[in-house]
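Participant: Here it is, the structure, as structure tokens.
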Amino acid sequence: MVGHSGSEAEAEAALAAVQVLGNIAVGSAAQTQFVLDAGGLTLLRDLLASHRTGPLLAEACFAAANIAAGTRAQIQVLLLSSSTPWRTLSTWEDSAGEQL
């Protein structure tokens, strides 16, 4: 991107990617399954591990919530995924310093 530093461009690309994931996961059960099969939980895990505040965290949570609204099997995959730190969200703080 012209006029953007490398890390800024990467952050914009990551934000766009997680928004797409969330928007696909909000669709049908088949679309949510596509996100799971494509490794969407790995991307969400990585974003949650590296962004504890801001729009990337919010979008990752939105995508996870859309997966959690899926079928019982999809919810189970989300909750039992050892690679996804869902339980740690309760200890993170938002951008204003308030505990989530």
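Rule-based calculations on the coordinates, nothing more; no lab input. Please read all numbers here as calculations on a predicted model, not as lab measurements. FYI the Cβ positions are ideal-geometry reconstructions off the backbone, even for glycines, and counts take in every protein chain you see.
Participant: Starting from the Cα-Cα distance between Asp37 and Ala17, subtract it from 0.36 nm times their residue separation and give me the gain in nm to one decimal.
Facilitator: 5.6 nm
Participant: With +1 assigned to the C-beta of every Lys and Arg and -1 to the C-beta of every Asp and Glu, and no other charges, what is the dipole magnitude of the range 6-85 about the Cα centre in debye, to the nearest 20?
Facilitator: Rounded to the nearest 20 debye, it is 360 debye.
Participant: Quote the Stokes-Einstein diffusion coefficient, in whole µm² s⁻¹, for the range 6-85, based on the Kirkwood radius over alpha carbon pairs, a temperature of 10 °C and a viscosity of 1.306 mPa s.
Facilitator: So the translational diffusion coefficient is about 128 µm²/s.
Participant: Cut-off 18 Å, label point 7 angstrom out along Cα-to-Cβ of Arg72: give me the residues of the range 20-54 whose amide nitrogen falls inside.
Facilitator: Counting only backbone N, you get 29-30, 33.
Participant: Let me ask something else. Local charge sum around Gly39 (other residues, Cβ-Cβ under 15 Å, Lys/Arg +1, Asp/Glu -1)?
Facilitator: Around Gly39, the charge tally is -1.
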